[in-house]
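Reviewing the structure listed below.
The values are calculated or read from the model by the stated rules, or taken from the named source; none is laboratory data. The shown structure was predicted, so the numbers you read here are calculated from the model rather than taken from an experiment. Heads up, the Cβs are rebuilt from the backbone with ideal geometry, glycines too, and the neighbour counts pull from every protein chain shown.
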Amino acid sequence: MAPRGRAGDSQLVLFATWLETGPDVPDGKWFKRYPEMTVCDEG
């Protein structure tokens, strides 16, 4: 597992793959969970 605050390469690939799909995200805060990280943003 990557140190806290740092995502491993495999997790970043999963995130990039998801982004390539052009995902719809809800208005307001949202979270996308992966096995070793959680991405959060505000849509």
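Among the residues of the stretch 7-15, are any part of a loop (DSSP other than H, G, I, E, B), on the phi < 0 side of the Ramachandran plot and not polar (S, T, N, Q)?
Yes - at least one qualifying residue is present in the stretch 7-15.
Checking the structure you have, find out if any residue of the stretch 26-33 is of a type outside the set (Ser, Thr, Tyr) and in contact (Cβ under 8 Å) with a residue 24 or more places away in the chain.
No, the stretch 26-33 contains no residue that is of a type outside the set (Ser, Thr, Tyr) and in contact (Cβ under 8 Å) with a residue 24 or more places away in the chain.
Name the one entry in 31, 15 that is in contact with a strand residue (DSSP E or B) (Cβ under 8 Å, 6 or more places away or on another chain) and either surrounded by 13 or more Cβ atoms within 10 Å (Cβ to Cβ) or small (Gly, Ala, Ser) (or both).
From the options 31, 15, the qualifying one is 15.
Considering only the stretch 1-27, how many residues are modelled with pLDDT of 95 or more and in contact with an Asp or Glu (Cβ under 7 Å, 6 or more places away or on another chain)?
Total meeting the criteria: 0.
Scan the stretch 16-41 residue by residue and report those that are in a strand (DSSP E or B) and in contact with a Leu (Cβ under 8 Å, 6 or more places away or on another chain).
Passing the criteria: none in range.
hydroxyl-bearing (Ser, Thr, Tyr) and in contact with a helix residue (DSSP H, G or I) (Cβ under 9 Å, 6 or more places away or on another chain) - does that describe any residue in the stretch 8-31?
no
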